[in-house]
1. Here is a list of conditions, (1) part of a strand (DSSP E or B); (2) touching a residue at least 24 places away in the same chain (Cβ under 8 Å); (3) not hydrophobic (A, V, I, L, M, F, W, C), and Arg244 meets all of them except one; can you say which number that is?
2. Only one of these conditions is not met by Phe199: (1) surrounded by fewer than 18 Cβ atoms within 10 Å (Cβ to Cβ); (2) assigned by TED's automatic domain parsing to the domain that holds Gly136. Which number is it?
3. Please tell me if Gln302 is in a helix (DSSP H, G or I) and either more than 21 Å from Asp280 (Cβ to Cβ) or touching a Lys or Arg at 6+ places or on another chain (Cβ under 7 Å) (or both).
4. May I ask you to verify whether Val189 is touching a residue at least 24 places away in the same chain (Cβ under 8 Å), surrounded by 17 or more Cβ atoms within 10 Å (Cβ to Cβ), aliphatic (A, V, I, L, M) and over 25 Å from Val128 (Cα atoms)?
5. Going through Glu235, Glu213 one at a time, which residue ends up being under 18 Å from the mean Cα position of the chain (by Cα), within 17 Å of Val130 (Cβ to Cβ), surrounded by fewer than 19 Cβ atoms within 10 Å (Cβ to Cβ) and away from the ligand (no atom under 16 Å from the Cβ)?
6. Could you grab me the full set of residues in the stretch 143-173 that are near the ligand (Cβ under 10 Å from one of its atoms) and either in contact with a strand residue (DSSP E or B) (Cβ under 7 Å, 6 or more places away or on another chain) or of a type in the set (Ser, Thr, Tyr) (or both)?
7. How do the strands (runs of 3 or more DSSP E) wholly within the stretch 1-100 filter down when requiring 1 or more residues that are closer than 26 Å to Gly135 by Cβ, modelled with pLDDT of 90 or more and not acidic (Asp, Glu): which remain?
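The values are calculated or read from the model by the stated rules, or taken from the named source; none is laboratory data. Since the structure is predicted, the reported quantities are computational estimates derived from the model, not experimental observations. As a convention, Cβ positions derive from the backbone with ideal geometry for all residues, glycine included, and neighbour counts pool all protein chains shown.
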Amino acid sequence: MRAAMLHGNGHLDSVRMGEIDAPTMGKDEILVRVRAAAINPADLKVVSGTDGGAFLHAQNFPTAFGFLAYSRSTRQGSFADLVVVTPDTVGDKPPNISHEEAAAAATAGSTALQALEDKGRLRSGHKVLVNGASGGVGSYAVQIASQLGAEVWGTASTAKADFVKSLGAARVIDYKTTPLANIDGKFDVVLDAASRSSFGEVSSILQPGGAPELFSISDLASEFDITHRTIRFYESKGLLTPHRLNGARIYSRRDRARLHIIVRAKGLGYTLDEAKGYLDLYGQPGERRIKQLEFSVAKSEQVIAELEAKRRQIDEKIEEVRLINQICKRKIAAKKRSKNGTRAV
Ligand SMILES: NC(=O)c1ccc[n+]([C@@H]2O[C@H](COP(=O)([O-])OP(=O)(O)OC[C@H]3O[C@@H](n4cnc5c(N)ncnc54)[C@H](OP(=O)(O)O)[C@@H]3O)[C@@H](O)[C@H]2O)c1
């Protein structure tokens, strides 16, 4: 089949059309005939070879190009006649848009949707700021947020202000003249679709109160009364998995919940390995919630069975030791009786 092949990291001219074997479907997978595929910033990272950890499919060259953000089943890219994906990564194309439009919308649109709905938990009546509102992700975010009933403010260059307003923004601020932290307003959700801000800048324009989704290392250190070094140590042991935002560590609610368990377990005298055992009951980051819960059920049933087996062993041991204890006591009593008897004689 035909595929756009990446021959090595570097520039876009490392991508050339070629032929490769068609992929074969595994169990619970779907074979897709590709009608259109779109280039996104992630593809340029794949080509350049930067952020390699996140874009692993481009390790062996040549490889079919095209970042498949949500396919764990194949390392092959989407710029090919055929591609294999898992069912949880596909959706229906609305009939009123072309394949090209659907391909162009998928990555940037789903990024905006996931950021606002899944992470930001944006609701009707919320006030949201989209930083980089005129860009690929930002322009979808403005439309999605206003459809969800939020009041949307956006930042963009002045030349694109009218475009951003036409998407549904109530106010557009020029990022060149007004830094994020100087924006005159407080927001329930801030989406930095420009990837330019620091966590501190964003925090300063968030509404106080509510349940924050993200935490800095200082937030967690002061909440749990531990040092930054301790938190970094837990990270080095793989117990916490913060994201990096412009060099700073950003922790999720999951990290915070895990840290809570670690701190409590340590306080009760458990070792780090024992605390890790409990954390392992909660599944892996990135897994879907149902899968994670199913994993927790299976794992906890296994732990319960192991503990019950141990309890049976302990009960048996207690009985044995109790028996030895009673025999010893009886022997002591008998010895004492016979000693007293001897004296009496
Ligand atoms: N596109 C995707 O599918 C996708 C998916 C996942 C993640 N991402 C990530 O999301 C980020 C944005 O991607 P994109 O495709 O939306 O980029 P993009 O189309 O180039 O848009 C960038 C936006 O940032 C604005 N901007 C530029 N410099 C800025 C600054 N100094 N301060 C504030 N805003 C600034 C731009 O405004 P003007 O144009 O008005 O100057 C524009 O609105 C990237 O880090 C990308 O890797 C993108």
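1. Failed condition: (2).
2. Just one mismatch for Phe199, condition (1).
3. No, not satisfied.
4. No.
5. Glu213
6. Gly154, Thr155, Ala156, Ser157, Thr158, Ala161, Val164, Val172, Ile173
7. The strands (runs of 3 or more DSSP E) meeting that bar are 2-6, 15-19.
Residues are listed down the side, and each one gets a yes or a no for (1) surrounded by 23 or more Cβ atoms within 10 Å (Cβ to Cβ); (2) outside the structural domain of Leu206 (by TED's automatic domain parsing); (3) over 30 Å from the mean Cα position of the chain (by Cα):
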residue	(1), (2), (3)
Gly138	yes, no, no
Ala141	yes, no, no
Ala145	yes, no, no
Val152	yes, no, no
Lys160	no, no, yes
Ser166	no, no, yes
Pro179	no, no, no
